[in-house]
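The values are calculated or read from the model by the stated rules, or taken from the named source; none is laboratory data. Note that this is a predicted model, so its numbers are computed, not measured. Heads up, the Cβs are rebuilt from the backbone with ideal geometry, glycines too, and the neighbour counts pull from every protein chain shown.
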């Protein structure tokens, strides 16, 4: 008896562990879509759902799933809902200049293709007359563009280098080689290079530039400071160094970044021969602070007015070679100020008052990563506040924009990028800048939260492709060749009643074919399964030999039976054909349904 009880306890423990491992899925949040209404009404009954249970969802108008459908299904897994139930906005029809689009659609579903053709005298960014782009989750795979075609290229003047020929004009597809002098590199960073004349200009504009490196933060001598500071500096940039109070500069006050190294910085030595000033001038209804017996050049004194008076003029004077700068006046207050103006992306330090007397001041600060431009302190002058500062927005790099422009980050950046900072990009592998774009365009400055991304175009390749891949339930429309030139395409068609998913055309790019489409099988009704599950067709027109993938069929339960698993009497059900398979519902009698029904969850 004792052994049987122990075995029962072990079984309960094992079953409990197995049940604990199954992490059910909670109520899903469908981005730009929704699930059936009864799930919202009976949420506590249906959720959380168990592992391997399916859930259908639909997209709002103007949105589709990642596969371009209005409706889809997700499954509860140990990691949560898979795939994540979300819907994406359709791609709008692009504004194409100097060309035309073959169809008249105003928007395109995800993974849907758009073919466009350039007008006479214009070419696509890859130098073709026609091109196909695809609608992706974050927009078009590449922006449709038609550029003016040239019949010839003119060799530009080459500084610090020589061409291998004296010829100056070249036809399309002609090539010219050149060499750069010592210490200089070609447009792609080599000593010698050969470039080709394309219909839209040089594939890479011939030029020789000196190799330049960035400098680390500048070396600071003792008792000194910088007027401005940055994490890194480009070749040719200069910074100005200031010596501290009572220290004199020995050497040049500016240092320069040259090929990754700084020029020799100055020294700040103690100044024992500085000219002193007498006591600062007195101001009526005000006093100077701090006071001292001796004032050296560079010393400053701040004036404070008595209560009921305010400063007119700079409130601080400086000892300059034995003389004080012009002192301010303390004039009587006549008008108060309202609360100071707000600053977007910033705030005022301290508590706000209902009214401020003339001469009052407030200090502003910006939110984290926002750069303050202007005076951080605003003064109340005769009922008006001096101009408050501006908080300049930081930048964040968008992966979708980089993908559309075929670029990637040259360096990794932590956090946000402050206004005014440079962002260095490089072209993705297999892409390059257009001939008319200088390499300096790859360095972009953050401008109040906006990044002007450079654009790279695909490099022309001579690599050819072998025969295109075969697909299940479909064939290639044209005759198959042993070899295809780069840029060639083939068109696939599916067998009768099969549904084509993906782009019907596959392209030869860099010796590799783009992904071909899939041909999804149709469904056929199983009347034996319908009979066993007590099902009838709701509509006679659904009684046909083949039902396409993605189409729906509506069923009815036989008389006095209802769909199993629902909290109430449901006798109708809508089922979608999924790759040749139907998930048939099962209808049972009312008494049997109640006996198998789980209690409502609270």
Find all pairs meeting these conditions: Cβ atoms under 7 angstrom apart; at least six residues apart or on different chains; first residue within the stretch 469-492 and over 17 Å from residue 128 (Cα atoms); second residue at pLDDT below 85. 483/464
Hits in the stretch 60-82 (condition: surrounded by fewer than 13 Cβ atoms within 10 Å (Cβ to Cβ) and either in contact with a helix residue (DSSP H, G or I) (Cβ under 6 Å, 6 or more places away or on another chain) or outside any strand (DSSP E or B) (or both)): 61, 62, 78, 79
Count of the stretch 539-558 residues which are part of a loop (DSSP other than H, G, I, E, B) and closer than 16 Å to residue 586 by Cβ: 1
Among the residues of the stretch 559-570, which ones are assigned to a loop (DSSP other than H, G, I, E, B), over 48 Å from the mean Cα position of the chain (by Cα) and closer than 16 Å to residue 532 by Cα? 559, 560
Of residues in the stretch 349-366 being part of a loop (DSSP other than H, G, I, E, B) and surrounded by fewer than 14 Cβ atoms within 10 Å (Cβ to Cβ), the one farthest from the chain's Cα centre (by Cα): 355
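If only one of 129, 138 is closer than 30 Å to residue 501 by Cβ and touching a helix residue (DSSP H, G or I) at 6+ places or on another chain (Cβ under 8 Å), which one is it?
138
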Odd one out for residue 57, checked against (1) farther than 22 Å from residue 582 by Cα; (2) more than 26 Å from the chain's Cα centre (by Cα); (3) surrounded by 13 or more Cβ atoms within 10 Å (Cβ to Cβ): (1)
Criterion first (outside the structural domain of residue 195 (by TED's automatic domain parsing), under 30 Å from residue 203 (Cβ atoms) and under 21 Å from the mean Cα position of the chain (by Cα)) does residue 454 satisfy it? yes
From the list 415, 420, 400, which one is surrounded by fewer than 13 Cβ atoms within 10 Å (Cβ to Cβ) and part of a loop (DSSP other than H, G, I, E, B)? 415
Quick check on residue 505: is it free of Cβ contacts under 8 Å to residues at least 12 places away in the same chain and surrounded by fewer than 19 Cβ atoms within 10 Å (Cβ to Cβ)? no
Selection within the stretch 96-111 - on the phi < 0 side of the Ramachandran plot and surrounded by fewer than 17 Cβ atoms within 10 Å (Cβ to Cβ): 97, 100, 101, 102, 103, 104, 105, 106, 107
Report yes if residue 454 is in contact (Cβ under 8 Å) with a residue 24 or more places away in the chain, crowded, with 17+ Cβ neighbours inside 10 Å and touching a helix residue (DSSP H, G or I) at 6+ places or on another chain (Cβ under 8 Å), otherwise no. yes
Looking only at the stretch 388-397, count every residue that is under 15 Å from the mean Cα position of the chain (by Cα) and assigned to a strand (DSSP E or B) and tell me the total. 1
Condition check for residue 45: more than 30 Å from residue 129 (Cβ to Cβ), at pLDDT below 85 and surrounded by 14 or more Cβ atoms within 10 Å (Cβ to Cβ): yes
Across the stretch 126-141, what is the total count of residues that are over 26 Å from residue 62 (Cβ atoms) and either touching a residue at least 40 places away in the same chain (Cβ under 8 Å) or in a loop (DSSP other than H, G, I, E, B) (or both)? 4
State whether one or more residues within the stretch 327-348 are modelled with pLDDT of 80 or more, in contact with a strand residue (DSSP E or B) (Cβ under 8 Å, 6 or more places away or on another chain), within 30 Å of residue 247 (Cβ to Cβ) and surrounded by 13 or more Cβ atoms within 10 Å (Cβ to Cβ). yes
